[in-house]
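Working notes for the structure below.
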Amino acid sequence: MTANIMLWIGLPLWVTLLILIAYSITVFTMVVVVLSENRNPIRSLAWVLALLFLPGIGLIFYLFFGRSLRGQHIMSRRNKRKLLNRFHPRTVNLEEQPLSSEEKTLVKLARNLSTAIYTVNNELRIFTIGRDKFESLRYDLRHAKRSIYLQYYIFSDDELGTEISDLLIEKAREGVEVKVIYDHVGSFSAKNKFFRRMRDNGVEIHPFFKVTFPQLANRINWRNHRKIVVIDSEIGYIGGMNIADRYEKGSADGSAWRDTHFRLRGDIVDSLAYSFLVDWNFQNTTQKVDYHSGKGCDIHNHVGMQLVTSGPTGAYNNIALCFQKAISTATKSIYIQTPYFLPTDGLLHALEAAALANIDVRIMMPRRSDSKMLQYASFSYVTQCLKAGIKIYLFEPSMLHVKAMIVDDTLVTAGSTNFDFRSFENNFEANLFIYDRSTNRAMRDIFFSDLSKCTRIRLNTWIERPRLQRTMESLVRLVAPIL
């Protein structure tokens, strides 16, 4: 068919044959590369099939979305150690902490995977409404005295984004050090003049992995999904909300997205700052940053926290492994909220095993997603989950954008990580792991409050959904590992 097209447009036969031979060699080479990477067999098979049966399109998709960054470094280990030494992290004796043996094992795993220092002396405020979170953020930005580090996947140039940018410009003019990272692809909708205005008025602002030619294929698939703010080294923010009107004023249908965000004080703030500065220096050249630790604050307690980061350049899928460890050691309950549910095989089997062991496993996702394809992919896992005894709930009022997991009575993890392949393998993510009964209780109460706004899916009615929906779910499921 390809040869006929080329002849039809007037190419000589010998040119057509040369193009076909070159293309065949290229595809064969790509198939060998895919197989040699020894990745997940299902992902490898999906890419091999795409390369073989989607001429041209499969090759383009692989070049843009299929390659791996494993083993590469956006910042050298030496420079990371130099940067970490500036923080002088306060050591904590785990044996003296009120942690179970399973929790201590999880703490050690997170520490070994991503330099996730275990901290105590922390306090936290939970936001479930965008208006409250951004009112608090605006207040803290206005009262910043020394520094503002701000990082978001999406920084929109809408009403909220303009208000935040005006505050940043105001503080920069006052002499406050203002550094901003935004994801280039995530913030595509914002005009260049929006970011240029901040830059021209003293804000140090940079896009992460800016997508330009000829680096387009090398960068477009690996996005920085983190949402981190550090103010005066004393106040931190982390969670799932981006800077966009839909989190505060509502989307086109008038409903604000439901999400969760944290305001932090205490030792954990240094961990947020370290993560930000690693991304700030991602070009492997450590810049001198005059960072002053906020450890002088008057917080003294045993609220344990770790900031776990992960990304496509790491040797392991850090957050996915920590999730799997937490799920596998659960004894009572596992409650998950996620906008997209595309679990790896390991995580899906861990959830199934927990439910089959009579652990209360509940998963909440939106009834109506912002992505129809991802909704089909998420729904394709529902039947398998229901058969294992996992309870599935669909959030009805609006888009559920929360990324949280509550395990038993003490552990909570929330941040930027969706329960899907892209977050676990392709994105730069950051999640807070909190080891505290009161926080667990508060997050559990929030979960059950949201549960009252959900519809529970029952297997006997789910299997009767329309045939077209089942067909679309099955088709999208085939490419779920590469979405």
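Name, by its number, the condition in (1) of a type outside the set (S, T, N, Q); (2) at pLDDT 85 or above; (3) touching a Ser or Thr at 6+ places or on another chain (Cβ under 7 Å) that does not hold for F262. Evaluating F262 over (1) of a type outside the set (S, T, N, Q); (2) at pLDDT 85 or above; (3) touching a Ser or Thr at 6+ places or on another chain (Cβ under 7 Å) leaves (3) as the failure. Exactly one residue out of I406, I446, I392 is farther than 17 Å from V308 by Cα, in contact (Cβ under 8 Å) with a residue 40 or more places away in the chain and in a strand (DSSP E or B): that is I392.
Here is a yes/no grid of residues against (1) at negative phi; (2) of a type in the set (S, T, N, Q); (3) open to solvent by less than 20 Å² (accessible area, probe 1.4 Å):
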site	(1), (2), (3)
G130	yes, no, yes
S136	yes, yes, yes
I148	yes, no, yes
L160	yes, no, yes
L167	yes, no, yes
R173	yes, no, no
K179	yes, no, yes
D183	yes, no, yes
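Applying the criterion of being of a type in the set (G, A, S) and either open to solvent by 10 Å² or more (accessible area, probe 1.4 Å) or in contact with a Gly (Cβ under 9 Å, 6 or more places away or on another chain) (or both) to the residues of segment 389-429, the residue that is modelled with the lowest pLDDT is S398.
When M365 is tested against (1) assigned to a helix (DSSP H, G or I); (2) in contact with a Phe, Trp or Tyr (Cβ under 7 Å, 6 or more places away or on another chain), exactly one condition is not met: (1). Looking at segment 106-218, the helices (runs of 4 or more DSSP H) lying wholly inside it that each contain 3 or more residues that are under 30 Å from R437 (Cβ atoms) and among the acidic types (D, E) sit at 130-142.
The residues in segment 349-362 that are within 22 Å of S452 (Cα to Cα) and either open to solvent by 60 Å² or more (accessible area, probe 1.4 Å) or assigned to a strand (DSSP E or B) (or both) can be counted, and the count is 3.
Against the list (1) modelled with pLDDT of 95 or more; (2) over 28 Å from L272 (Cβ atoms); (3) surrounded by fewer than 22 Cβ atoms within 10 Å (Cβ to Cβ); (4) not acidic (D, E), the condition Q469 fails is (1).
Only a single item in (1) outside any helix (DSSP H, G or I); (2) closer than 29 Å to Y182 by Cα is not met by F424, and it is number (1). Being more than 30 Å from I268 (Cβ to Cβ) and of a type in the set (A, V, I, L, M) is a condition met by no residue of segment 396-414. Residues that are open to solvent by less than 10 Å² (accessible area, probe 1.4 Å) and not in a strand (DSSP E or B): does segment 430-437 have at least one? No, segment 430-437 contains no residue that is open to solvent by less than 10 Å² (accessible area, probe 1.4 Å) and not in a strand (DSSP E or B).
Taking residues in segment 84-108 that are closer than 14 Å to D267 by Cβ, and partners anywhere that are in a loop (DSSP other than H, G, I, E, B) and acidic (D, E), the pairs with Cβ atoms closer than 7 Å and at least 6 places apart or on different chains are R90/D267. Screening segment 91-117 for residues that are under 27 Å from the mean Cα position of the chain (by Cα) and open to solvent by 80 Å² or more (accessible area, probe 1.4 Å) and picking the one that is farthest from F276 (Cα to Cα) gives E102.
When segment 441-462 is filtered for residues that are over 21 Å from the mean Cα position of the chain (by Cα) and either among the small types (G, A, S) or open to solvent by less than 10 Å² (accessible area, probe 1.4 Å) (or both), the ones remaining, listed by number, are A442, S449, D450, S452.
The values are calculated or read from the model by the stated rules, or taken from the named source; none is laboratory data. The model shown is predicted, which means the values in this text are computed figures rather than measured ones. Don't worry about glycine lacking a Cβ; one is built from the backbone with ideal geometry, like all the others, and counts go over all protein chains shown. The accessibility values were calculated without ligands, DNA or RNA, using every heavy atom of the protein model including side chains. Shrake-Rupley method; radii C 1.70, N 1.55, O 1.52, S 1.80 Å.
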